[in-house]
1. I need the full set of residues from the stretch 31-52 which are among the hydrophobic types (A, V, I, L, M, F, W, C) and buried (at least 20 other Cβ atoms within 10 Å of the Cβ), in order please.
2. Can you pull out the residues in the stretch 16-36 that are under 22 Å from VAL132 (Cβ atoms) and either of a type in the set (S, T, N, Q) or outside any strand (DSSP E or B) (or both)?
3. Return the pairs, sorted by first residue and then second, in which the second residue is assigned to a strand (DSSP E or B) and among the acidic types (Asp, Glu), the first residue lies in the stretch 243-255 and is more than 14 Å from ALA114 (Cα to Cα) and in contact (Cβ under 8 Å) with a residue 12 or more places away in the chain, the beta carbons are less than 7 Å apart, and the residues are 6+ apart or on different chains.
4. So is VAL58 without any contact (Cβ under 8 Å) to a residue 40 or more places away in the chain and of a type in the set (A, V, I, L, M) or not?
5. Select, from ALA216, ALA266, ALA234, ALA261, the only residue that is touching a Pro at 6+ places or on another chain (Cβ under 9 Å) and either modelled with pLDDT of 95 or more or exposed (fewer than 14 other Cβ atoms within 10 Å of the Cβ) (or both).
6. Tell me which residues, restricted to the stretch 273-287, are at pLDDT below 95 and surrounded by 14 or more Cβ atoms within 10 Å (Cβ to Cβ).
7. Just need a number here: residues in the stretch 33-43 that are within 7 Å of the ligand (Cβ to nearest atom) and in contact with a helix residue (DSSP H, G or I) (Cβ under 7 Å, 6 or more places away or on another chain).
8. Of these, LEU61, LEU113, LEU10, which one is more than 14 Å from the ligand (Cβ to nearest atom), assigned to a helix (DSSP H, G or I) and touching a Lys or Arg at 6+ places or on another chain (Cβ under 8 Å)?
Amino acid sequence: MIVVESSSELREARGRAGGGPVVFVPTMGCLHAGHMALIEAARRHAGSDGTVIVSIYVNPLQFGPNEDFAAYPRTFEADRTACEAAGVDILFHPPDLYPDGAPQVRLSVAPELAGCLCGAARPGHFDGVATVVAKLFHLTAPDAAVFGEKDWQQLTIIRRMAADLDFGIRILAAPTVREPDGLAMSSRNRYLNEDERRRAPALHRALAAMRERAAAGERDAGRLIDIGAAMLEAADITPEYLEIRDGRSLRPLTRLGDAPARAFVAARVGPARLIDNLALTPEENSP
Ligand code: AMP
């Protein structure tokens, strides 16, 4: 594995990649089993003659002024060891991707995709994500890139960005990796104290209860949301949102029908803002 810090070193290393597929996994570091599953998927997809590139960069563009950019955990030495063990070929760890200051040309994601769910509470967040991912796509020029279903809205936006801007990059989705009690793994879980950690799996329990009721025939989205909301309340968690939407278009659904229905939740548990999502209908799978 080689570790590169500058864009020019990255381009050079990328240029030396062999003939097999180049597969890219962008991350903000503090790697956990969720990230490692993405890296393993990338390794499988690249095969023995391909190249796996991982980036570790805490992207300032996607944090709001009162968010946790400065406090976001940075654990580079452990991350480097994990990447090496997972068979990563190139690890890109830039100190700064914007040496000339904040970029003056950025991507803008339509409100239909970026104005709802996490985007409603985090204005500009997905523009910041799309802008940095586009930049990383140009630098790494991969054949495919892997994103986690845990950040479903982000995955949807990146798929759409790759299609709308003709990046010619295949977007692969990896299922959410969870703790044994159902809590979705997240770098932000380390912000939780013992009591908060005990309450946090209620997010997944609420979504799982909604899925169960949907499987038993409940079609009314409002009634399903009431079921999830009651489970959150029992754990003393007030959701920032708890919604059912079409998993492809992110349009809200009032009834479960032909569209691939997905339930989405975000809530603050102590200092951590946690998110999760789950398919309510079995037909919606990773591409
Ligand atoms: P982050 O470092 O939080 O920007 O995440 C980097 C990538 O890892 C994104 O594509 C996330 O969706 C993905 N990811 C984060 N947590 C998980 C998880 N628990 N399961 C699967 N993928 C994840």
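1. The answer is LEU31, LEU38, ILE39, ALA41, ALA42, ALA46, VAL52.
2. ALA17, THR27, MET28, GLY29, CYS30, LEU31, HIS32, GLY34, HIS35, MET36 - these are the residues of the stretch 16-36 that are under 22 Å from VAL132 (Cβ atoms) and either of a type in the set (S, T, N, Q) or outside any strand (DSSP E or B) (or both).
3. LEU253/ASP246; ARG255/ASP220
4. It is true that VAL58 is without any contact (Cβ under 8 Å) to a residue 40 or more places away in the chain and of a type in the set (A, V, I, L, M).
5. Exactly one of ALA216, ALA266, ALA234, ALA261 is touching a Pro at 6+ places or on another chain (Cβ under 9 Å) and either modelled with pLDDT of 95 or more or exposed (fewer than 14 other Cβ atoms within 10 Å of the Cβ) (or both), namely ALA266.
6. Scanning the stretch 273-287 gives THR281, GLU284.
7. Going through the stretch 33-43 one residue at a time, the tally reaches 1.
8. Answer to the selection: LEU113.
The values are calculated or read from the model by the stated rules, or taken from the named source; none is laboratory data. Not measured: the values here are computed from a predicted model. No Cβ is skipped: glycine too gets one built from the backbone with ideal geometry, and neighbour counts run over all protein chains shown.
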